[in-house]
Amino acid sequence: MKKLVLASLLLFPSFAFAEMDINIDLNWAPPTENVDGTVLTDLSGYNVWYGFSQGGYTQSINVADDTATSFTFPVNGIASGTSIFVVMTAYDLEGNESAYSNEVVFGPFIETDTTAPAQPQVNGTATIVLCPVGKTCVL
């Protein structure tokens, strides 16, 4: 019976952490030259790449603004303990895309329980274990 109860607790825990919605705020210095060292004159925008493991960028967001130096984007449904790994690329008017930037890690995002437990209910009994000689002790 104990094994059955334990198994049901593992399948149906009595507590659960909700998923979190977060915003990632990025800022960067735009590139000023091409990979061959020539002056960059046709920057067109950026791609923000992110994922949930180092080097595992599975999602991207286009920032089609060549003057941008910051960007905020939401990531919804993050489980407690999750980290987000982010890199960027720049691209020019012809669609040439740079290599990944340095990787930035956000998190792990940890949900904490801030709800206090209910107050305890105290019950009990008292007994007299010693009464002075010649006195009557009553509860």
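Side notes on the structure shown:
- Some residue of the stretch 104-113 being open to solvent by 50 Å² or more (accessible area, probe 1.4 Å), out of contact with any Gly (no Cβ under 9 Å at 6 or more places or on another chain), farther than 30 Å from Thr32 by Cα and part of a loop (DSSP other than H, G, I, E, B): yes
- Number of residues in the stretch 68-84 that are within 22 Å of Ala99 (Cβ to Cβ) and open to solvent by 20 Å² or more (accessible area, probe 1.4 Å) equals 3.
- Scanning the stretch 85-103 for residues that are of a type in the set (A, V, I, L, M) and surrounded by 11 or more Cβ atoms within 10 Å (Cβ to Cβ) turns up Val86, Val87, Met88, Ala90, Leu93.
- Within the stretch 50-69, residues that are more than 13 Å from Phe85 (Cβ to Cβ) have Cβ atoms under 7 Å from residues that are open to solvent by 80 Å² or more (accessible area, probe 1.4 Å) in these pairs: Thr69/Asn27, counting only partners at least 6 apart in sequence or on another chain.
- Scope the stretch 70-99; condition closer than 22 Å to Ile22 by Cβ and either assigned to a loop (DSSP other than H, G, I, E, B) or small (Gly, Ala, Ser) (or both); matching residues: Ser70, Gly77, Ala79, Ser80, Gly81, Ser83
- Hits in the stretch 22-49 - residues which are part of a strand (DSSP E or B), in contact (Cβ under 8 Å) with a residue 24 or more places away in the chain and β-branched (Val, Ile, Thr): Ile22, Ile24, Val48
- Thr58, sole failed condition from (1) open to solvent by less than 100 Å² (accessible area, probe 1.4 Å); (2) at pLDDT 95 or above; (3) under 28 Å from the mean Cα position of the chain (by Cα): (1)
- Residue count, the stretch 117-139 (criterion: more than 45 Å from the chain's Cα centre (by Cα), without any contact (Cβ under 8 Å) to a residue 12 or more places away in the chain and open to solvent by 100 Å² or more (accessible area, probe 1.4 Å)): 7
The values are calculated or read from the model by the stated rules, or taken from the named source; none is laboratory data. Since the structure is predicted, the reported quantities are computational estimates derived from the model, not experimental observations. Please note: Cβ atoms are built from the backbone with ideal geometry, for glycine as well, and neighbour counts cover all protein chains shown. For the accessible areas, the whole protein counts, side chains as well, though only heavy atoms, and no ligand, DNA or RNA atoms are used. Shrake-Rupley method; radii C 1.70, N 1.55, O 1.52, S 1.80 Å.
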